[in-house]
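Contents: one structure, followed by commentary.
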Amino acid sequence: MKYILLKTTLVALSAGLLQLVLPWWSIAIAAFAVNIIIGSRKFSSFLSGFLGVGILWAIVAWNIDQANASLLSSKIAEILQAPNPVSVMLFTALVGGLVGGMGGLTGGILNGSKR
Amino acid sequence: MKYYLGLMSSLLSIGLIAVLNTKIGVVPPLGKFLDPFNGFWQNAKEKNIAVDENIAHQQLKGKGTVLYDSLLIPHIYAENDLDAYFLQGYVTASNRLWQMELQTHAAAGRLSEILGKNEKVLGMDREMRRKGMGFGAENFLRQLKKNPEALAVTEAYRNGINAYINSLSYADLPIEYKLLDYRPEPWTLLKSAYLLKYMAESLSSWDADFEYSNALALLGRNTFDLLYPDMLKMQDPIVNGTTPWDFQIAAAQKPNNVTPLLTHKKDLNTKPDPDNGSNNWAVSGARTQSGHPMLANDPHLGLNAPSIWYEIHITSPEQNVMGASLPGAPGVISGFNENIAWGVTNARRDVVDWYKVTFKDSTKNEYLLDGKWVKAEKRIETIKVRGEEAFIDTVTYTQWGPVMYDETFGTHKEKQNYAMRWVAHDPTEEVVAIYHLNRAKNYADYRNAIKYFSCPAQNFVFAANDGDIALTVQGRFPLKWEEQGKFVMDGSRSDMAWQGFIPAEHNIYTRNPERGFVSSANQHPVDDSYPYYHFDAHYEYYRNRRINDQLGQMQNANHETIEGLLNDNYNLMAKEALEVIIKYIPEEALNGHEKIALQSLKDWDHFNDAKKIAPVYFEQWWRILYPMIWDEMAKDQDISYIKPNKTVTIKLMAEQPNLSLFDIQETPEKETVQDVVLKSFQQAVKEVNDWKGKQEGEKDWAAFKSTTVQHLSRVLKPFNITGIRNGGNRGVVNATSEKHGPSWRMIVELDPKGTKAWAAYPGGQSGNPGSPFYDQQINRWEACDLYPLDFMSKQAIQEGNIDGQHILSKISFDKQ
């Protein structure tokens, strides 16, 4: 667990960079890459991918939402039948987190370390 | 073990990504959609859009600048005239791409391609195709290619749109593409043609041939003429005795033995909204404070978001024009330049006729004409359906036009074939008209320009800074004999054809009439003196009389006076109806609630103001009374009719109270006009009180009417603009009804020192529901407190100065 903070940060950074040039699913590649290089237990691998991408997506979405005064997110909340803009943000983080988590988990398994 | 688990985990990850990258049912591809770097979050825009962009493109011929002002109105400065149209295409697409494509897809019968399998959508697609929209658009394009000037303009406009489309990444796509998960396709000349045909469709296809034929069969000639008179005496036509018709006419010759065909058609195609109409007027300098002519225009259309209109200012060495454009067509449709201003209302005229066609056999390869079998043509319409097999529709074409109705279309039991003859199918040149009108300097230029405008026919109001005011009823009008095309005609006789067209110079017009104003509001175009036969089933009787009454009293007018008239809530129809029906109410028969309601109607000044309750009682009463009177027209499920208009209804109630038509057919009693008036009043009061009981917050006219600007998709309801508290109604000068109303409000003062203009529309310049500019103008539109427009000089644009208005952003263009 001791590398969790480092790995989460690395996933967030590399996912952010990859997304500048690649489609959204490159977040899984970022989490995979970080975890295949720095090995850890399965749960920790998943968690670093989940948190790295989830936090990244939440921050970016939150920033946009602030500048837009929730104008769009409140409409999207209605379309997605979510209760409010915050829930759309959390849902965004969850979806990104799951994909990041799965990428991280795959990387962690293939690294094989029991650290 | 590690590799086995790793493989499982990879497959699971890939599967998860694949699912989140796919649209499932109505749910957008969630991963792609929610991704804050590229998905919907990227459509959330800030109010402050200060960006300086530089764009180089090989199709540009010189330099250009676009400045967006604080309303996000683009002011285009181009060194080359064609570049100006390229820039118009580019900025329009930047703000309205999804709308432009959706409207032309709808016109082309291609909605199933985006929306997938849905019976209703497929029905809409088939209807557009069977109506010959593609046939008309292709004829338009063929004609366009014969005019090098208009072709170059339309091509430059197309190139600008495509330059924008080609620059788009997924992140930049309008949000509707992300929600529905598809991508824009390249713009084409044909799409501009489709857009103009779409306007023709929504503004000229209100024929009542089937309904009239059926009514004639039901009622007999005398009652038919009583219920459907061509024009009532009270009417005040657009041109009323001010123009001498000093030309020789070639009247249409009526053939022998013309008998209206009696038909039995049900499930007719959907007609355009009968409220599609407009107001426009111009007052001479004698009536204005400044001494300069002033002009006003407000086209009434479905209230849509993104708005049907896009404001734009286009300058090049050859033009300096500003106003409302239609996204998808080059130029300005309703606007002004340094010398003139013009505006449009729909000119009602029957330009759609129906012919009953007799085919030799079920192959429909030959049809009967003057006793011989003539070869028909087939047009195969392939309607792609998203995720499904395409739907193939074969439409037969005769010399009349497409056979829209046959045994395959509609759910009717009718097996007859009917072909449609429509002016919009002919090669027309509306782009040429707009091109010349945008750079017109005076009355002669204006008349020369608009003669190219064929369909939908428009009442073009005009004012110039040399003092002229005028109004011309412009369109390509078939030369018809008396009552030709009022009823369904026999398609096996070639002498049933239109005998040519009224020459444009003979069209109805008025110039500088003595009364000092010209106006139109979809009423009858002219008094009895006009020598050509003209007819339509849907003329307006109320807005025009109110407008003319008010203009007749107008002195020292300024833009605020004219705003007042645009926003006038006087309900002339209610006044005239109540004068008749209130006296049929026996007060002793009323309960307490009903007495209160009646008193409120008696005390009412007939203004449909937002906070009043009387208009609610009146509206609800009329909604019940009108169909109750004309129940004869609804009883037969297999035959379609059209109800006599409101004006005729009121007149009959006043003058012929014993008419048997007032009887409600489904009851055993014999009702009189008094009975239906009382019955409908009591029901209305009950329904209004029920509504008041359920309604939270305000319980007034604005709340009852609850005007909504609907998102074009109709299904993405959170993108609607709601909470509008506006007075008015259909038939009122401020024609704001539930989902319909003034789609553009413009006032222009023709000051020779510089044209001044004010405008607002129900929406905003951005088509993006995530932008503050999506509904920016709604409050000022609602209050009819119009924005002054910045009609800056070319020099000011070049130097980047806009007086009084903050410049939000600047785009510089250059050739590559």
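The values are calculated or read from the model by the stated rules, or taken from the named source; none is laboratory data. For clarity, every value in this text was computed on a predicted model and none was experimentally measured. Cβ coordinates were reconstructed from backbone atoms using ideal geometry, including for glycine residues, and neighbour counts include every protein chain displayed.
Restricting B:Asn548, B:Asn522 to residues that are in contact (Cβ under 8 Å) with a residue 60 or more places away in the chain, farther than 25 Å from B:Asn465 by Cβ, outside any strand (DSSP E or B) and of a type outside the set (D, E, K, R) narrows the list to B:Asn522.
Condition (residue is in contact with a strand residue (DSSP E or B) (Cβ under 9 Å, 6 or more places away or on another chain), aromatic (Phe, Trp, Tyr) and either part of a helix (DSSP H, G or I) or surrounded by fewer than 21 Cβ atoms within 10 Å (Cβ to Cβ) (or both)) applied to the stretch B:599-607: is it met by at least one residue? For the stretch B:599-607, residues in contact with a strand residue (DSSP E or B) (Cβ under 9 Å, 6 or more places away or on another chain), aromatic (Phe, Trp, Tyr) and either part of a helix (DSSP H, G or I) or surrounded by fewer than 21 Cβ atoms within 10 Å (Cβ to Cβ) (or both): present.
If you check B:Thr472 against the conditions, is it surrounded by fewer than 23 Cβ atoms within 10 Å (Cβ to Cβ), assigned to a strand (DSSP E or B) and modelled with pLDDT of 95 or more? Answer is no for this residue. Could you grab me the full set of residues in the stretch A:63-73 that are part of a helix (DSSP H, G or I) and facing chain B (nearest Cβ under 8 Å)? Within the stretch A:63-73, A:Ile64, A:Asp65, A:Ala67, A:Leu71, A:Leu72, A:Ser73 qualify. Go through the stretch A:75-110 and give me each residue that's more than 7 Å from chain B (Cβ to nearest Cβ), farther than 19 Å from A:Trp62 by Cβ and under 11 Å from the mean Cα position of the chain (by Cα). Those that are more than 7 Å from chain B (Cβ to nearest Cβ), farther than 19 Å from A:Trp62 by Cβ and under 11 Å from the mean Cα position of the chain (by Cα): A:Gly101, A:Gly104. Applying the criterion of being at pLDDT below 95 and among the acidic types (Asp, Glu) to the residues of the stretch B:62-83, the residue that is surrounded by the most Cβ atoms within 10 Å (Cβ to Cβ) is B:Asp69.
Across the stretch B:64-83, the number of residues qualifying as touching a helix residue (DSSP H, G or I) at 6+ places or on another chain (Cβ under 8 Å) and part of a loop (DSSP other than H, G, I, E, B) comes to 1. Among the criteria (1) in contact (Cβ under 8 Å) with a residue 60 or more places away in the chain; (2) facing chain B (nearest Cβ under 9 Å); (3) among the hydrophobic types (A, V, I, L, M, F, W, C); (4) touching a Ser or Thr at 6+ places or on another chain (Cβ under 8 Å), the one A:Trp25 does not fulfil is (4). Looking across the stretch B:665-720 at every residue that is of a type in the set (D, E, K, R), surrounded by fewer than 18 Cβ atoms within 10 Å (Cβ to Cβ) and not in a loop (DSSP other than H, G, I, E, B), the one that is farthest from the other protein chains (Cβ to nearest Cβ) is identified as B:Asp675. Of all residues in the stretch B:573-598, those that are surrounded by fewer than 20 Cβ atoms within 10 Å (Cβ to Cβ) and aliphatic (A, V, I, L, M) total 7.
The set of residues in the stretch B:613-633 being touching an Asp or Glu at 6+ places or on another chain (Cβ under 9 Å) and crowded, with 20+ Cβ neighbours inside 10 Å consists of B:Ala614, B:Pro615, B:Val616, B:Gln620, B:Met633. Looking across the stretch B:8-25 at every residue that is in contact with a Leu (Cβ under 9 Å, 6 or more places away or on another chain) and within 9 Å of chain A (Cβ to nearest Cβ), the one that is surrounded by the most Cβ atoms within 10 Å (Cβ to Cβ) is identified as B:Ser13. Under the condition of being part of a loop (DSSP other than H, G, I, E, B) and buried (at least 19 other Cβ atoms within 10 Å of the Cβ), the residues counted in the stretch B:150-172 number 0.
One residue alone among B:Ala84, B:Ala107, B:Ala93, B:Ala44 is within 32 Å of the chain's Cα centre (by Cα) and within 14 Å of another protein chain (Cβ to nearest Cβ), and that residue is B:Ala44.
Take B:Arg511 and decide whether it is out of contact with any Cys (no Cβ under 8 Å at 6 or more places or on another chain), among the basic types (Lys, Arg) and over 21 Å from B:Tyr452 (Cβ atoms). No. I want to confirm something. Restricting to the stretch B:35-61 and keeping residues that are part of a loop (DSSP other than H, G, I, E, B) and among the small types (Gly, Ala, Ser), which single residue is surrounded by the most Cβ atoms within 10 Å (Cβ to Cβ)? So, considering only residues that are part of a loop (DSSP other than H, G, I, E, B) and among the small types (Gly, Ala, Ser), the one surrounded by the most Cβ atoms within 10 Å (Cβ to Cβ) is B:Gly39.
If you go through the stretch A:41-62 and pick out every residue that is away from every other protein chain (no Cβ under 11 Å) and of a type in the set (Val, Ile, Thr), you end up with 1. Checked against (1) modelled with pLDDT of 95 or more; (2) part of a helix (DSSP H, G or I), B:Lys120 passes all but condition (1).
The residues of the stretch B:784-800 that are modelled with pLDDT under 95, under 27 Å from the mean Cα position of the chain (by Cα) and among the hydrophobic types (A, V, I, L, M, F, W, C), listed by number, are B:Leu789, B:Phe791. Would you mind stating whether A:Ala12 is more than 8 Å from chain B (Cβ to nearest Cβ) and over 24 Å from B:Ile14 (Cβ atoms)? It is false that A:Ala12 is more than 8 Å from chain B (Cβ to nearest Cβ) and over 24 Å from B:Ile14 (Cβ atoms).
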